[in-house]
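Structure, as structure tokens:
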Amino acid sequence: MKTLRQSALMVLLVVIAVTTLLPLVWMVMASFMPSGDASSVPPPFFPRTVTLEQYIGLFTRLHLGRSLFNSVLLSVAVTLISLVVNSMAGYAFAKYRFRGRAPLFKLLIASMVIPAQVTMLPLFLLLNKMGLINTYFGVIIPGMASIFGIFLIRQFAMTIPDSLLEAARMDGASDLRIYWSVILPLCKPILVTLAIFTFMGTWNDFLWPLIVMTDDAMYTLPVALANLAGEHVQDTELMMAGSVMTVLPVLVVFAAVQKYYLAGIMAGSVKE
Amino acid sequence: MFGSSRARALLIFLGPALLAISVFFFLPVLAALVMSFTDFDIYSLGDIRYARFVGFRNYLQLFNDPLFWKALGNTLYFLVVGGPLSVAVSLGAALLLHSRLVRFKPMFRFIYFMPVVTTLVAIAVVWRYVYHPRFGLLNAAMGALGFSPIDWLGDPDWAMPALIIMAVWKNFGYNMIIFIAGLQNIPASLYEAASIDGAGPVQQFFKITLPMLAPTTLFISIITMIGYFQFFAEPYVMTLGGPMNSTLSIVLLMYQQGFRWWNMGYSAALAFVLFAMILVVSVIQTRVQKQKGDLL
């Protein structure tokens, strides 16, 4: 009875796993097919001949290497900058007493309910005035600080005992020194989590880069891919290669750090 | 110790974040609110003096615009059908993975979570081909089972279900993780006591698991709804809102009005309607959670 139930469970789990994987595996398979092969009846799952021509086409004819570079640069830059900005603010909210701290923090938390779409039109006009449309800063600047990031760091930093900070202060450490040598090392787990969230969020973001980047050479991978998908509707294999290129980096990052990523979802889900 | 050095440190720590959030978040929110009461358009883009206050005209126009109602209806369709479906699939997967009989749990968890981290645009591109009426995997698989082919993205009746299926596939792993955490927090003693009292697995599920998961389910439903309110990339990449506007969403309409036709006043009004709906959902959540807290 127990083994029967166990087998039934396993079958169910495998069926869900196969359903989950099938589109992704087919994407990889089709990306290695010669042009036109995927469009036959019945649709082939495995390539009859394996070719790299789609990937070569992406890098030579379509200059997707440039978009790859943009995506990497922007994701890394936003991650590093926002990590510093958010961790400083989160630490200040956790460990500094100042007038208006509680209401200010409440205001920030409450405004998390405002969807980003609300800000986009004026933000576009503002960045346009600043001459930052179609520049890297157009993506980096709005991503510099995030309320969610500040919140995550603050929750974590509050668990650091005050005695530790007092001891450092007794030893003559300055405020900046304490932040750098005591707080940051202790906050490492939440910093890693936040870094992964920010990196993936920036990498996968679509609407804002679509608005800000007006020139092919500045497109991130998702924007370039959406653009290509409009022009190359018939080139299934080419589009699959482009999709692999867009998805693979985040999947690799996730595989490497999934423990921290999943921990972050838990941390975010228990707020208040 | 509370001298000016601490004040200066506070300024250094808080300054950048507060400045960035004020200038690039709060200011645009207020500006958008003002903008939604103006006729800001492509001429105002060149010279802001061309923008005039028009009171509630944008909002009135919105409520008389059949496209708005179409987009609202589609968005609610996505929400009301896709939301519960996606929560149910997440719960099912979490229950399966929580079972003590299951082996290779980390592997399954990893696989189920994979679509969550993938780039939505790339996934939408892939699924556009999965849904291809002639060369798509889905119709081929259904054909093998004896079903007749469906023009998933070309048929106004099927386009929305197609987007919902894809969204459930992409998202269920996220809520599954939160459900698993919720399941792990249910004390084993409850189940032991129920077993002693002679309650079967089905009874245990309805009398222990579901009630104990209620706060988790509420939280998940709310974040799922808020996320689904904002769906955009799926129709942008897969259908451009078609066929016959059957997949036009609020955010897609907002994008088209604002950044294609530069009707920015009108688009800002749309953004605030979206915000109002999300606000209502969030307030309901807070209310229900407070009530729960009072009862305990």
All-but-one check, B:Phe272 against (1) more than 10 Å from every other protein chain (Cβ to nearest Cβ); (2) assigned to a helix (DSSP H, G or I); (3) buried (at least 19 other Cβ atoms within 10 Å of the Cβ), failing number (1)
Only unsatisfied item for A:Arg99, checking (1) outside any helix (DSSP H, G or I); (2) within 19 Å of B:Ala31 (Cβ to Cβ); (3) not hydrophobic (A, V, I, L, M, F, W, C), is (2)
When region A:125-153 is checked residue by residue, the ones that are buried (at least 22 other Cβ atoms within 10 Å of the Cβ) and of a type outside the set (A, V, I, L, M) are A:Gly138, A:Pro142, A:Gly143, A:Ser146, A:Gly149, A:Phe151
Scanning region B:164-204 for residues that are more than 14 Å from chain A (Cβ to nearest Cβ) and either crowded, with 17+ Cβ neighbours inside 10 Å or in contact (Cβ under 8 Å) with a residue 60 or more places away in the chain (or both) gives B:Ile164
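Does B:Thr75 fit the bill of being touching a strand residue (DSSP E or B) at 6+ places or on another chain (Cβ under 6 Å) and more than 8 Å from chain A (Cβ to nearest Cβ)?
Taking the combined requirement at face value, the residue does not satisfy it.
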Does any residue of region A:126-138 turn out to be in contact with a Gly (Cβ under 8 Å, 6 or more places away or on another chain), within 25 Å of B:Ser36 (Cα to Cα) and not hydroxyl-bearing (Ser, Thr, Tyr)?
yes
Practice task
Kindly check whether there is at least one residue in region B:9-25 that is more than 30 Å from B:Leu210 (Cα to Cα), modelled with pLDDT of 95 or more and polar (S, T, N, Q).
Solution key: yes
Per the filter on region B:234-244, residues touching a Leu at 6+ places or on another chain (Cβ under 7 Å) and not in a helix (DSSP H, G or I) are B:Thr239, B:Gly241
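Per-residue answers, yes or no, for (1) out of contact with any helix residue (DSSP H, G or I) (no Cβ under 8 Å at 6 or more places or on another chain); (2) away from chain B (no Cβ under 11 Å); (3) in contact (Cβ under 8 Å) with a residue 40 or more places away in the chain; (4) assigned to a helix (DSSP H, G or I):
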residue	(1), (2), (3), (4)
A:Ala77	no, yes, yes, yes
A:Ser82	no, no, yes, yes
A:Ser87	no, no, yes, yes
A:Pro103	yes, yes, no, yes
A:Ser111	no, no, no, yes
A:Ile153	no, no, yes, yes
Taking region B:228-265 and keeping only residues that are among the aromatic types (Phe, Trp, Tyr) and within 16 Å of the chain's Cα centre (by Cα), one is left with B:Tyr228, B:Phe229, B:Phe231, B:Phe232, B:Tyr236
Filtering region A:29-54 down to residues that are of a type in the set (A, V, I, L, M, F, W, C), in contact with a helix residue (DSSP H, G or I) (Cβ under 6 Å, 6 or more places away or on another chain) and either outside any loop (DSSP other than H, G, I, E, B) or at the interface with chain B (Cβ under 7 Å from one of its Cβ atoms) (or both) yields A:Ala30, A:Ala38
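Just to verify a result, which residue in region B:275-296, among those that are part of a helix (DSSP H, G or I) and more than 21 Å from the chain's Cα centre (by Cα), is farthest from the other protein chains (Cβ to nearest Cβ)? Break it down into steps so the answer makes sense when it comes.
Initial filter on region B:275-296 (part of a helix (DSSP H, G or I)): B:275-295.
With the extra rule that they be more than 21 Å from the chain's Cα centre (by Cα), the set shrinks to B:290-295.
Numbers: B:Lys290: 11, B:Gln291: 15, B:Lys292: 13, B:Gly293: 11, B:Asp294: 15, B:Leu295: 17 Å.
Looking at residues that are part of a helix (DSSP H, G or I) and more than 21 Å from the chain's Cα centre (by Cα), I get B:Leu295.
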Would it be correct to say that B:Pro106 is of a type outside the set (Phe, Trp, Tyr), within 7 Å of chain A (Cβ to nearest Cβ) and assigned to a helix (DSSP H, G or I)? no
Worksheet item: Do we have A:Thr79 as surrounded by 14 or more Cβ atoms within 10 Å (Cβ to Cβ) and either more than 21 Å from the chain's Cα centre (by Cα) or closer than 30 Å to A:Leu228 by Cβ (or both) here?
Response: yes
Considering residues that are at the interface with chain B (Cβ under 8 Å from one of its Cβ atoms) and among the hydrophobic types (A, V, I, L, M, F, W, C), the number found within region A:113-142 is 10
Taking region B:109-161 and keeping residues of a type in the set (A, V, I, L, M), more than 7 Å from chain A (Cβ to nearest Cβ) and either touching a His at 6+ places or on another chain (Cβ under 9 Å) or in a helix (DSSP H, G or I) (or both) leaves B:Val116, B:Ile123, B:Ala124, B:Leu138, B:Ala141, B:Met142, B:Ala144, B:Leu153, B:Ala159, B:Met160
Looking only at region B:37-53, decide whether some residue is within 30 Å of A:Ala110 (Cα to Cα) and at the interface with chain A (Cβ under 9 Å from one of its Cβ atoms).
yes
Being free of Cβ contacts under 8 Å to residues at least 40 places away in the same chain, facing chain B (nearest Cβ under 10 Å) and closer than 30 Å to A:Asn70 by Cα narrows A:Ile147, A:Ile178, A:Ile196 down to just A:Ile147
The condition from (1) at the interface with another protein chain (Cβ under 7 Å from one of its Cβ atoms); (2) assigned to a helix (DSSP H, G or I); (3) over 26 Å from B:Thr118 (Cβ atoms); (4) modelled with pLDDT under 95 that A:Leu12 misses is numbered (3)
Of the residues in region A:11-27 that are aliphatic (A, V, I, L, M) and surrounded by 17 or more Cβ atoms within 10 Å (Cβ to Cβ), the one that is farthest from B:Gly136 (Cα to Cα) is A:Leu13
Here the qualifying pairs (Cβ atoms under 6 Å; residues six or more apart or on different chains; first in region B:11-31 and closer than 18 Å to A:Gly90 by Cα; second not in a helix (DSSP H, G or I)) come out as B:Ala17/A:Ala145; B:Ala20/A:Met144; B:Ala20/A:Ala145; B:Ile21/A:Ala145
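The values are calculated or read from the model by the stated rules, or taken from the named source; none is laboratory data. As the structure is a computational prediction, the values presented were derived from the model and not from experiment. For neighbour counting, all protein chains shown are included, and Cβ atoms are generated from backbone atoms with ideal geometry for every residue, glycine included.
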